[in-house]
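Chemist: Have a look at the structure that comes next, please.
The values are calculated or read from the model by the stated rules, or taken from the named source; none is laboratory data. Since the structure is predicted, the reported quantities are computational estimates derived from the model, not experimental observations. Cβ placement follows ideal geometry from the backbone for every residue including glycine, while neighbour counts extend to all protein chains displayed.
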Amino acid sequence: MKRLAFIFVFFAFSLIHPMIVSAEGPQNMPHIVIIATGGTIAGVALSSTETKDYKPGVLDVGSLIKSVPGIEKVAKISGEQIANIDSSHITNDIWLKLANRVNELLLKKEIDGIVITHGTDTMEETAYFLNLVVKGEKPVVLTGSMRPSTAISADGPLNLLNAVVLASSKDARGKGVLVALNENIHGGRDVTKTNTTSVATFTSREFGCLGYVLDSKVYFFRETNRKHTTKSEFSIQGLTSLPRVDILYGHTHDNRDLADASVKAGAKGIVHAGAGNGGIFPSTKDALKEAIKKGVVVVRASRTGSGIVTPSSNYENDGFVAAGSLNPQKARILLMLALTGTNNPAEIRRIFDEY
């Protein structure tokens, strides 16, 4: 009961004190919009020593802005609330709403960059989706936290400050959608969550981070050469939904039941998280080959967590597509967007080679 009463107080406070829409600084400062979607960074626990048992998505964007001392010295800040949820509850509809709003804001001359606060569980997926559909050179930066706002060592305020610093930097322009946590800068394509609880959970396993934000200074050391943002062929203009793409997880003594069920449920694409270099159990492979003949696009990814799934005649001759260095959840996103234009395996192979 105490926990419910505590959380109710926070909700009530948010209703009495609605979101802050601006934090004014000198007129020549960059104008950064913070779009809040919820997550742990907006989470509340019963005590300052609890970091795992908490309610995500309690605080609004105004409260997040207030929690960062000196943020008004970095940029002129305005805030918007798109959602306030646990990021494991993110939907395609929220993605489309968020991406359309980001594209609207990027067209405004007075806005110099965008920061999106987001739960860490699916941050890498949202970052990659935006990386493929955002149409602008201005910085778009996702950030969040691994500990709730009430924790004695909350990481959210510094992460948010660093994200604003990054979004304000001219050096961040044209580098695609970025993720800023734990003083690291990652590209939206390659970053992934690697630990359930550590504040150092986000890494770019294969290629390393792009740089750092340290003491409010931005340091870039590399950038991606894969297509993104303004060079991406994908557009969500006019889209109200995305094709269904399912992920199947391969294992020993597998069977075809889930593959058959996926096709029956209406999946237009399937990503198979296979063993090693995308290996698939024989009976599952038979089911997926039948799915391909029905027009379903099947992408071979890997459950290993690192490495590149390479093309193989044992699979490509049957119409499978190799995911390359994309993990299963990101391969799903690229396949969803590819399917808005084609279900031709050869064309989708080209897309996976370029993105």
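Chemist: From 63, 78, 145, grab the single residue that is more than 23 Å from residue 233 (Cβ to Cβ), touching a residue at least 12 places away in the same chain (Cβ under 8 Å), hydroxyl-bearing (Ser, Thr, Tyr) and part of a loop (DSSP other than H, G, I, E, B).
Modeler: Values: 63 fails: part of a loop (DSSP other than H, G, I, E, B); 78 fails: part of a loop (DSSP other than H, G, I, E, B).
After ruling out the rest, the residue left standing is 145.
Chemist: Sticking with this structure for a sec: Just to be sure, is residue 203 outside the structural domain of residue 52 (by TED's automatic domain parsing), β-branched (Val, Ile, Thr) and either modelled with pLDDT of 95 or more or closer than 24 Å to residue 107 by Cα (or both)?
Modeler: Against the criterion (outside the structural domain of residue 52 (by TED's automatic domain parsing), β-branched (Val, Ile, Thr) and either modelled with pLDDT of 95 or more or closer than 24 Å to residue 107 by Cα (or both)), residue 203 does not qualify.
Chemist: Looking at residue 260, is it in a helix (DSSP H, G or I) and among the charged types (D, E, K, R)?
Modeler: yes
Chemist: Restricting attention to segment 104-126, which residues are within 16 Å of the chain's Cα centre (by Cα), part of a helix (DSSP H, G or I) and either polar (S, T, N, Q) or over 27 Å from residue 55 (Cα atoms) (or both)?
Modeler: 126
Chemist: Here is a check on your reading of the model: is residue 33 modelled with pLDDT of 50 or more, part of a loop (DSSP other than H, G, I, E, B) and under 25 Å from residue 88 (Cα atoms)? Quick ask: steps written out before the conclusion?
Modeler: Values: modelled with pLDDT of 50 or more: yes; part of a loop (DSSP other than H, G, I, E, B): no; under 25 Å from residue 88 (Cα atoms): yes.
Against the criterion (modelled with pLDDT of 50 or more, part of a loop (DSSP other than H, G, I, E, B) and under 25 Å from residue 88 (Cα atoms)), residue 33 does not qualify.
Chemist: Do you know which residues across segment 208-222 are surrounded by 16 or more Cβ atoms within 10 Å (Cβ to Cβ) and in a loop (DSSP other than H, G, I, E, B)?
Modeler: Hits for segment 208-222 are 209, 210.
Chemist: Name the single residue that is nearest to the chain's Cα centre (by Cα) among those in segment 36-54 being crowded, with 20+ Cβ neighbours inside 10 Å and not small (Gly, Ala, Ser).
Modeler: Across segment 36-54, the extreme among qualifying residues is 37.
Chemist: Count, please, the residues in segment 224-252 that happen to be in a loop (DSSP other than H, G, I, E, B) and on the phi > 0 side of the Ramachandran plot.
Modeler: 1
Chemist: Here is a list of conditions, (1) surrounded by fewer than 24 Cβ atoms within 10 Å (Cβ to Cβ); (2) touching an Asp or Glu at 6+ places or on another chain (Cβ under 6 Å), and residue 154 meets all of them except one; can you say which number that is?
Modeler: In the conditions (1) surrounded by fewer than 24 Cβ atoms within 10 Å (Cβ to Cβ); (2) touching an Asp or Glu at 6+ places or on another chain (Cβ under 6 Å), residue 154 misses (2) alone.
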